[in-house]
1. Which one of the conditions (1) part of a strand (DSSP E or B); (2) surrounded by fewer than 18 Cβ atoms within 10 Å (Cβ to Cβ) does Thr34 fail to meet, given that it meets all the rest?
2. Within segment 39-69, track down each residue that is surrounded by fewer than 18 Cβ atoms within 10 Å (Cβ to Cβ) and either in contact (Cβ under 8 Å) with a residue 40 or more places away in the chain or outside any strand (DSSP E or B) (or both).
3. Considering every residue within segment 2-25, establish whether at least one is surrounded by fewer than 17 Cβ atoms within 10 Å (Cβ to Cβ), in contact with a strand residue (DSSP E or B) (Cβ under 7 Å, 6 or more places away or on another chain), at pLDDT 90 or above and not in a loop (DSSP other than H, G, I, E, B).
4. Based on what the data block shows, is Val93 touching a Pro at 6+ places or on another chain (Cβ under 6 Å) and either part of a loop (DSSP other than H, G, I, E, B) or under 19 Å from Leu24 (Cα atoms) (or both)?
Amino acid sequence: MVFVSVASALAAEAPQCARGDMVLWGDGRHDDTTALNAWLRGDNLVWAASGEPVGETIAGQTFRLSSAIYVPGGTGRRLERFRLIWPERGETVTGGMVRSGEDPNAAPVVSGVAIIGGDPGEGVPLETPDITPLPRRDPARCAVS
């Protein structure tokens, strides 16, 4: 299930480092729910297999999920040619493109997305409460050795 929300921007400045407590797999085997939601909120993550930064655009990946994905407006994130699968629900979402854009007050743009096995009303913009920005420059967010 994909929920697209119009919410206030998270911090305008990008994080200075990738989160050290979570990685994104994008292989369709590992549960990426928490990590994908964090990335969509604007957190910087790394790919589990390579350790490389994920960046602002993800293309050509398959994500296994166990609960809802939320796409807030204004985070600058973009998913292209993706596959989201919820095996327990028998639901698959393929795209196309989902782009959160830069305007926190605008709904994300959804194009060429197909939902198979989903509930009515999924994948459409909805109003949500303002999201409290996370402290982006907090050194505790950075992995150090």
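The values are calculated or read from the model by the stated rules, or taken from the named source; none is laboratory data. Values in this document were obtained by computation on a predicted structure and should not be read as measured data. Because the Cβ atoms are built from the backbone with ideal geometry, glycine has one as well, and the counts that use them run over all protein chains shown.
1. It is condition (1) that Thr34 fails.
2. Ala48, Ala49, Ser50, Gly51, Glu52, Gly55, Glu56, Gly60, Ser66, Ser67, Ala68
3. So far as segment 2-25 goes, no, none of its residues is surrounded by fewer than 17 Cβ atoms within 10 Å (Cβ to Cβ), in contact with a strand residue (DSSP E or B) (Cβ under 7 Å, 6 or more places away or on another chain), at pLDDT 90 or above and not in a loop (DSSP other than H, G, I, E, B).
4. Values: touching a Pro at 6+ places or on another chain (Cβ under 6 Å): no; either part of a loop (DSSP other than H, G, I, E, B) or under 19 Å from Leu24 (Cα atoms) (or both): yes.
It is false that Val93 is touching a Pro at 6+ places or on another chain (Cβ under 6 Å) and either part of a loop (DSSP other than H, G, I, E, B) or under 19 Å from Leu24 (Cα atoms) (or both).
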